[in-house]
Amino acid sequence: MKKHEPIEPKNLTAQLAYRGLGNPPTSHPSTAVSNSYPGLEMDFRNVWKHIFKGIELLEYTNLVIGVDKDADEKIKRLTPEGKGLHYELISVDGIHMTAPVTGPSSQHGQQINFTISLEWSNALAEILPKAGQFVRCRFQHNQNQKVIVLDLQVQHFFDVDMDRNGKVIRKRVVISKDLVKPGDLTQSLCSPWQNDYRECGCFYWAASRPDFVNVEPGLNGKSSGNNWMEKNREPQPNSQYIIDDFSDTRLVSYDELFTGWEKELRFIFAGKDEPPLKKSSRKKKK
Amino acid sequence: MPVKDIIEIRILPALAISRLGSSPLPMDNFDWEIPDRVGYRKIIPAETFHIDTNTGRIIDFKKPEKVQFRDSRNRIRPIAPFLELWGRFSVNDPLVPVTMHHLKKLGLRLSDVHWRVLVGNNKAFRRTKDPNDKILSDTGGFEDFKRKSLKGKCKNFLPGKSIPFGFGQFIKPNLQFPEIRFRFTPAGGFVYGPPSPPGSPIKEAVYNPKHKWKGYRDLDSDPTTTAPAQIFANDLSAQVRSLGYLDDECDGLIEVELHCKNKKLRTFARVVAGPPAFAPDGAPVRTVHDDLEQALLGHAITEKINPDDISNIIRRAMETVRLINTSVMNDKAQGMGWMDRSSYGRAAEPIMNPNVVDNLAILARHELILLSLESGSLAWFARVVRHFNQVGDLSDEGRRRMPALMRGADGGHLALTRRMVNKILQAADLFNQHKPVRTIKKIVK
């Protein structure tokens with residue numbers, strides 16, 4: 001039996017890695033996806049919405065979508081009443097929150113020229129250590145280009161205890177209550193969650209939501225296998241991968257997922273389907 | 001060790017992932033073994049708590065003969081994690097699990113440990129912005145061992161209706177397992193909604209259809225819709241109207257309060273209820289743990305790199321790619337190729353040369369990197385890894401950066417966390433001393 005090893009209070013890495021006695025690895029955040037668009041177990045983007053005190057950001061772009069009721073009047077200028085939501089956070093302490101989108105356009109000979117809001121987790125990596133401090137935030141109106149510059153306080157990402165002077169005396173590896181309330185981490189996921197298995201392809205989270213299974217070298221030497229959502233798997237080497245299409249009746253439908261996801265979705269071990277489900281051992285009443 | 005005082009408490013793990021399943025029998029515990037460096041992880045049985053849910057008593061703690069993900073009726077067994085109370089008894093002590101023996105020495109009883117579970121599902125609220133669409137379960141404080149039903153209540157539900165979010169239970173310590181622990185058990189993974197015609201897939205009608213969620217639409221004029229938008233059960237019409245369906249996923253807090261004689265100590269952990277990991281012998285290439293680690297330690301690497309960390313990242317990339325039909329995802333009409341065109345009007349082209357993207361070939365390349373990490377192969381990977389600010393580079397070279405063919409949290413091509421990238425760059429330098437790939441500027445505190 002594993003024994004508990006003491007952990008130094010400052011060894012936050014060990015606390016973050018701790019799994020707990022009796023818990024399988026799939027209960028640990030190291031098995032939960034964070035390329036959230038929107039995510040499976042949670043939409044991790046939601047932890048950043050309130051990272052600057054007084055404002056609420058949209059989880060996936062740099063748009064300001066709210067300010068606190070008791071916020072300073074200067075901050076309230078970001079969401080002027082009746083004028084829509086238009087201010088975007090473009091830099092923090094001189095660090096850009098966006099990046100250019102460039103590449104060849106579908107219009108022959110032309111280049112595309114857009115801007116993408118960088119995901120908060122990476123964009124704010126230099127800012128998080130400044131928790132408790134004020135940082136210079138530059139906002140720009142996305143129509144008239146007007147700029148508002150505000151010094152906003154960075155919230156603590158993790159739960160902390162502070163002394164009278166605001167100095168952190170203790171940090172715990174749990175995400176602060178100031179950042180997310182109950183229900184916030186999962187709020188932007190599919191409703192119901194089964195929709196994700198019908199709508200989001202494998203370019204999101206193949207390790208948790210498999211796509212290409214029962215893969216073997218085919219007769220032409222290339223890989224051959226099944227789409228995980230196929231209802232009837234043809235035995236190798238005749239299997240033909242069915243490209244995802246919600247209207248294809250050979251694939252599991254929305255309603256089948258809603259009512260029977262536990263039977264329709266198969267566990268995959270070593271890349272292969274789990275053994276066929278057993279006939280239920282429940283005895284029918286005569 | 002003399003115990004005269006307790007100066008702080010924490011709950012570990014601080015964020016526990018529970019996974020839905022309708023079986024009343026929670027999932028066995030298991031471990032991973034890696035018998036072959038490029039093979040699959042082996043799932044091996046590990047000591048599993050069996051709890052009497054009526055009393056909170058630990059029946060036994062033993063390894064199952066075989067790890068079973070389903071019960072005898074094929075129902076999926078939920079992942080129901082335990083959360084432990086840890087504490088420190090003087091300023092120089094390390095954190096250790098708090099036991100009933102510690103409490104006794106402090107003159108406290110088990111009834112001085114007060115738990116509270118606060119979990120919610122704000123999916124409908126996130127769309128409608130009607131606060132009355134928030135579904136919340138609050139047990140209030142309790143200190144007994146009875147299993148508490150987590151009833152998700154909502155003002156816009158039909159009278160008397162709720163969604164069961166699962167259970168919370170204070171586990172009764174004993175002489176063999178004297179630690180203070182709590183168990184969160186998620187719900188079954190059912191779908192709820194408004195009253196619907198016969199044959200509809202909902203388990204129970206709970207939502208009052210006169211409120212916004214039934215018939216809700218994501219409007220183009222609303223800049224605050226989710227991304228992606230329209231990811232809810234809908235009527236499949238051009239208007240994409242919500243059917244008003246809800247689920248029993250949730251997230252929230254497990255709070256604990258220790259009533260000492262002269263003070264109250266409080267702390268909390270977080271729980272999330274999500275779907276099962278359907279390929280449980282692998283892990284995603286980028287995880288919540290990676291992001292939490294970056295938030296905790298920063299993006300720069302200030303310590304000596306651990307080669308196991310690098311193997312782990314490359315292994316996860318391999319475990320991801322082997323479940324992707326890379327040929328299909330490389331197609332201009334699928335996956336990121338299609339996203340680039342539909343989002344930005346990029347020229348419709350495959351991302352890689354179609355002749356070299358077959359799944360088995362790509363998998364072999366990943367295996368080769370993993371097998372020869374310390375003999376220079378990582379240098380190639382380090383040169384082609386995508387940096388966080390290159391996600392918008394849709395040139396041929398930019399789209400071929402690693403990880404390829406996947407989508408990130410900004411909707412662009414996936415980048416790893418900056419900390420993961422810096423680990424790879426630093427390790428590539430370390431493993432390839434004679435041909436440094438990149439110099440990492442170390443932060444000196």
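Descriptive notes on the structure:
- Across all directions, the shadow cast by the convex hull of segment B:184-260 built on its C-alpha atoms averages 8.4 square nanometres.
- Each of A:LYS49, B:LYS263, B:LYS123 was scored by other Cβ atoms within 10 Å of its Cβ. Arranged with the fewest first, they read B:LYS263, A:LYS49, B:LYS123.
- Estimated at 0.36 nm per residue, the fully extended path between B:ARG365 and B:SER395 surpasses their Cα-Cα distance by 8.5 nm.
- Net dipole in debye of segment B:12-127 [+1 Lys, Arg Cβ; -1 Asp, Glu Cβ; about Cα centre; nearest 20]: 560
- Segment B:1-110: radius of gyration and largest Cα-Cα distance (Dmax), Å: 18.2, 54
- Restricting segment A:61-132 to GluC sites (Glu not before Pro) that sit in a DSSP loop and have at most 13 other Cβ atoms within 10 Å of their own Cβ leaves A:GLU81.
- Extent of chain B along its three principal axes (Cα atoms, max minus min coordinate, largest first): 67, 62, 46 Å.
- Computed E for B:SER149/A:ASP70 - FRET, C-beta separation, R0 35 angstrom, nearest 0.05: 0.45
- Cβ-based charge dipole, the protein assembly as shown, positive-most Cα from B:VAL288, B:SER375, B:PHE157: B:PHE157
- Whole-number percent relative contact order across chain B, with pairs defined as alpha carbons under 8 Å at least 6 apart: 14
- Shape call, segment B:314-445: gyration tensor on alpha carbons, a/c limit 1.5: oblate
- Zone of B:ASN306's modelled label, taken as backbone nitrogen in segment A:168-197 under 18 Å from a point 7 Å along Cα→Cβ: A:173
- Note on the protein assembly as shown: antiparallel DSSP beta bridges, both residues inside, total approximately 90 percent of the bridges counted.
- Rg of the Cα atoms in segment B:114-179, relative to 2.2 N^0.38 Å, amounts to 1.41.
- Value at 222 nm in deg cm²/dmol, rounded to 500, when DSSP H runs of n ≥ 4 in chain A each add -39,500 (n - 2.57): -2500 deg cm²/dmol
- Within chain A, the percentage of alpha carbon pairs spaced more than 35 angstrom apart rounds to 40%.
- In terms of surrounding Cβ atoms within a 10 Å radius of their Cβ, B:TRP338, A:TRP48, A:TRP120 rank from fewest to most as B:TRP338, A:TRP48, A:TRP120.
- Over 25 Å apart at the Cα level, from the set A:LYS167/B:LYS134; A:LYS3/B:LYS104; B:LYS155/B:LYS263; A:LYS69/B:LYS264; B:LYS148/B:LYS203, are A:LYS167/B:LYS134; B:LYS155/B:LYS263; A:LYS69/B:LYS264.
- Inter-site label distance for B:LYS264 and A:THR13 at 7 Å from Cα along Cβ, in nm: 3.7
- Cβ-derived FRET efficiency at R0 45 Å, B:SER200 paired with A:ASN220, nearest 0.05: 0.50
- For B:LYS62, the aspartates and glutamates whose Cα comes closer than 13 Å to its Cα, not counting residues fewer than 8 places off in the same chain, are B:ASP28, B:GLU47.
- The Kirkwood radius of segment B:147-207, taken over pairs of alpha-carbon atoms, gives through the Stokes-Einstein law at 25 °C and 0.890 mPa s a diffusion coefficient of 178 µm² s⁻¹.
- FRET E, pair B:LYS104, B:ILE59, Förster distance 35 Å, beta-carbon r, rounded to 0.05: 0.90
- Tilt relative to chain A, helix A:254-264 - C-alpha long axis, 0 to 90 degrees, to 10: 70
- A convex hull fitted to the Cα coordinates of segment B:97-217 yields 133 cubic angstrom per residue.
- Between A:SER106 and A:ASP151, the contour length at 0.36 nm per residue exceeds the Cα-Cα span by 12.1 nm.
- About its Cα centre, the protein assembly as shown has a charge dipole of approximately 1820 debye under the convention of +1 per Lys or Arg Cβ and -1 per Asp or Glu Cβ, with nothing else charged.
- For chain B, adding -39500 (n - 2.57) for each run of n ≥ 4 DSSP H residues and dividing by the number of residues yields -5500 deg cm²/dmol at 222 nm.
- With the simple model of a label 7 Å out from the Cα in the direction of the Cβ, B:LEU25 to A:ASN232 spans 3.2 nm.
- Calculated on the alpha-carbon coordinates, the convex hull of the protein assembly as shown measures out at 186 cubic angstrom per residue.
- Close amide H partners of B:THR287, meaning residues 5 or more places away or on another chain with modelled amide H under 5 Å apart, are A:SER34.
- A simple spin-label model places the labels of A:ASP178 and A:ASP248 5.0 nm from each other, with each point 7 Å out along Cα-to-Cβ.
- Long-range amide H partners of B:SER22 with built H, under 5 Å: B:ILE76
Here, each number is a calculation from the coordinates, and none is a lab measurement. The structure presented is a predicted model; accordingly, all values stated were derived computationally and were not measured. So basically every Cβ, Gly included, is an ideal-geometry build from the backbone, and we count neighbours across all protein chains shown.
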